[in-house]
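Everything on this sheet refers to the single structure shown next.
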Amino acid sequence: MTGPGPVAAQGVGGAAPSPARSVAVVRPAALRDVADGRSTVTVTVPTVPTVPTVPAPAAAVTVGRVLDALAAAHPRLERRLRDERGTLRRHVNVFVAGDDCRALLGQDTPVPDGAEVVVLPNIAGG
Amino acid sequence: MTLVLAIGTRKGLVLARSADGAAWKVEGPQFLMQEVAAVGFVAAPGGGGAPRLLAGVRSEHWGPGVSHSDDLGETWVEAEAGSVVFPEDTDTALERVWQLQGDPARPGVVWAGCQPTSLWRSDDAGETFSLVRGLWDHPHRPWEPGFGGAAVHTVVTDPQDDGRVLVAMSSGGVYVTADGGGTWRPSNTGISAYFLPDPYPEYGQCVHKVAADAAGPAVLYAQNHHGVYRSDDAGATWTSIAEGLPSDFGFVMLAHPQRPGTVWVLPLEADGRRVPPGGRLRLHRSRDGGRTWSEVGTDLPDGSWTSVLRDAADVAGTGDAAAPLLTFGTRDGCVWASTDEGETFVEVATHLPDVLSVRAAVVA
């Protein structure tokens, strides 16, 4: 896609592009001992400044950038999901709007406006 | 005086306490469904009070980490930014913490042995660790992982010499530094690696555990992957002390904290038969630095086809040289303790998950 995205288009109209977006990260019960104990943690993800030649700004919010924001706010929680190289742990699955990000673009998977990021562990073992 | 055992299992941490070594109260598991491959009692920050308890835990889902408790397991703290975190330039991620070893002569210093094969040093009593670059950058790395996973599993420090540290790894063998970790050299002369084309290579041995004699780290004992050895020159050379044992295979090597020359091993039949010889789960003790051995542990079971892993055993001084707190745990979830140098044992716990690590402490 080329041309101005929605936020840039809004910018043309004089309104400043939103500098950040809130994204809800839903975590399993096993991770509620970290941070505040609630099932959903909302993080604020800075949006990338947009220019007319880059994809729609909604795409600027990705799974990876949501997890980066989680790392800034709740590092112990984020460390459960990714190792220190930033790799998603093998038995951790992250779903965006119902789809496993591994089946999409991994951590580059866009998080659409309003979509939740849902963390679910694999079931396995004995 | 309270005797305390920290028991790391495949599915969590169990604590046992006793006033007399005979009756034990067992509590837990904590960290349920997380593997606890390393536990350690280290000096409390600031001195005094109960020792700090460290636990190296690993969840199959959520990864590894280190937590510490300053109230003997009532509450736990995990460093917000992580305790053992590989620097970005290594492009490596921590897989498991195998060893958490305080330095008795240097309160506040704690060593961690990890997978992938790496050594870490903490100067804040185990809250945060720094990678020992000299070993990480060694030209011999990467060492071949042992069957249980690559591990620095033994750290022996020298109370007289800040610069001297000995580590052992599976596999890889023994390495020593004389400059506090900047440079390391292999120290395996005399230790067999029968499973390699050259059975006496410079490095690559599968040393399972090394213990320092009560007299100091100039005298060392090693349980190897077949082979039991002694060094009288701080690890420069090793000679066999396996004669008199039912088998030279096993994982455990314990040295009495107060009596020079007293050591225990826990033989298993062989590499290919990792069970107690004839089903007799027993320790073998030497009073003379490995020249002669005697079977001990009259209360231990026959018909036992389990095994004891390298860090699933410990001995702690109680102040009475005749009564150290000696303990070990088995892969079938039994934990045993002795306060008479291994002559007799009490069964502390049964039916736990596989015991991976045990550490003993005596708390005032």
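Collect the residues in the range B:238-272 that are in contact with a Ser or Thr (Cβ under 6 Å, 6 or more places away or on another chain), part of a loop (DSSP other than H, G, I, E, B) and more than 14 Å from B:VAL210 (Cα to Cα), keeping them in residue-number order.
B:GLY244, B:GLU269
From the list B:TRP136, B:TRP98, exactly one residue is surrounded by 24 or more Cβ atoms within 10 Å (Cβ to Cβ) and not polar (S, T, N, Q). Which is it?
B:TRP98
Looking at the range B:79-89, is at least one residue in contact (Cβ under 8 Å) with a residue 12 or more places away in the chain, touching a Lys or Arg at 6+ places or on another chain (Cβ under 9 Å) and not in a loop (DSSP other than H, G, I, E, B)?
no
Only one residue in A:ARG85, A:ARG32, A:ARG89 is at pLDDT 95 or above, surrounded by fewer than 16 Cβ atoms within 10 Å (Cβ to Cβ) and within 14 Å of chain B (Cβ to nearest Cβ). Which one?
Only one candidate qualifies: A:ARG85.
Only one of B:GLY40, B:GLY56, B:GLY73 is more than 14 Å from chain A (Cβ to nearest Cβ) and farther than 30 Å from B:ARG141 by Cα; which?
None of the others qualify; the one that does is B:GLY73.
Per-residue answers, yes or no, for (1) outside any loop (DSSP other than H, G, I, E, B); (2) more than 21 Å from the chain's Cα centre (by Cα); (3) farther than 21 Å from B:THR9 by Cα:
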{"site": "B:ASP288", "(1), (2), (3)": "no, yes, yes"}
{"site": "B:TRP305", "(1), (2), (3)": "no, yes, no"}
{"site": "B:ARG331", "(1), (2), (3)": "no, no, no"}
{"site": "B:GLU343", "(1), (2), (3)": "no, yes, yes"}
{"site": "B:HIS351", "(1), (2), (3)": "no, yes, no"}
{"site": "B:ALA361", "(1), (2), (3)": "yes, no, no"}
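How many of the residues in the range A:69-103 are under 25 Å from A:GLY114 (Cβ atoms), free of Cβ contacts under 8 Å to residues at least 12 places away in the same chain and charged (D, E, K, R)?
3
Residue check: is B:VAL26 within 14 Å of chain A (Cβ to nearest Cβ) and of a type in the set (Val, Ile, Thr)?
no
Taking A:VAL94 and the conditions (1) at pLDDT 95 or above; (2) in a loop (DSSP other than H, G, I, E, B); (3) not hydroxyl-bearing (Ser, Thr, Tyr), which numbered condition does it fall short on, given that it satisfies the others?
Single failed check for A:VAL94: (2).
Hey, can you tell me all the residues within the range A:92-115 that are β-branched (Val, Ile, Thr) and within 11 Å of chain B (Cβ to nearest Cβ)?
A:VAL92 - this is the single residue of the range A:92-115 that is β-branched (Val, Ile, Thr) and within 11 Å of chain B (Cβ to nearest Cβ).
Residues B:GLN30, B:GLN34: which one is under 20 Å from the mean Cα position of the chain (by Cα) and polar (S, T, N, Q)?
Unique residue meeting the criteria: B:GLN34.
Tell me which residues, restricted to the range B:1-35, are in contact with a Ser or Thr (Cβ under 6 Å, 6 or more places away or on another chain) and within 16 Å of B:VAL335 (Cβ to Cβ).
Those that are in contact with a Ser or Thr (Cβ under 6 Å, 6 or more places away or on another chain) and within 16 Å of B:VAL335 (Cβ to Cβ): B:LEU3, B:LEU5, B:GLY8, B:ARG17, B:GLY21, B:TRP24.
Step by step: first the residues of the range B:101-133, then only those that are charged (D, E, K, R) and outside any loop (DSSP other than H, G, I, E, B), then the one that is surrounded by the most Cβ atoms within 10 Å (Cβ to Cβ). Which residue is that?
Within the range B:101-133, the match that is surrounded by the most Cβ atoms within 10 Å (Cβ to Cβ) is B:ARG121.
Being surrounded by fewer than 17 Cβ atoms within 10 Å (Cβ to Cβ) and either modelled with pLDDT under 95 or touching a Ser or Thr at 6+ places or on another chain (Cβ under 9 Å) (or both) is the filter here, so list the residues in the range B:282-320 that pass it.
B:ARG287, B:ASP288, B:THR292, B:SER294, B:THR298, B:ASP299, B:GLY319, B:ASP320
The values are calculated or read from the model by the stated rules, or taken from the named source; none is laboratory data. Keep in mind the model is a prediction, meaning the values are calculated, not measured. Heads up, the Cβs are rebuilt from the backbone with ideal geometry, glycines too, and the neighbour counts pull from every protein chain shown.
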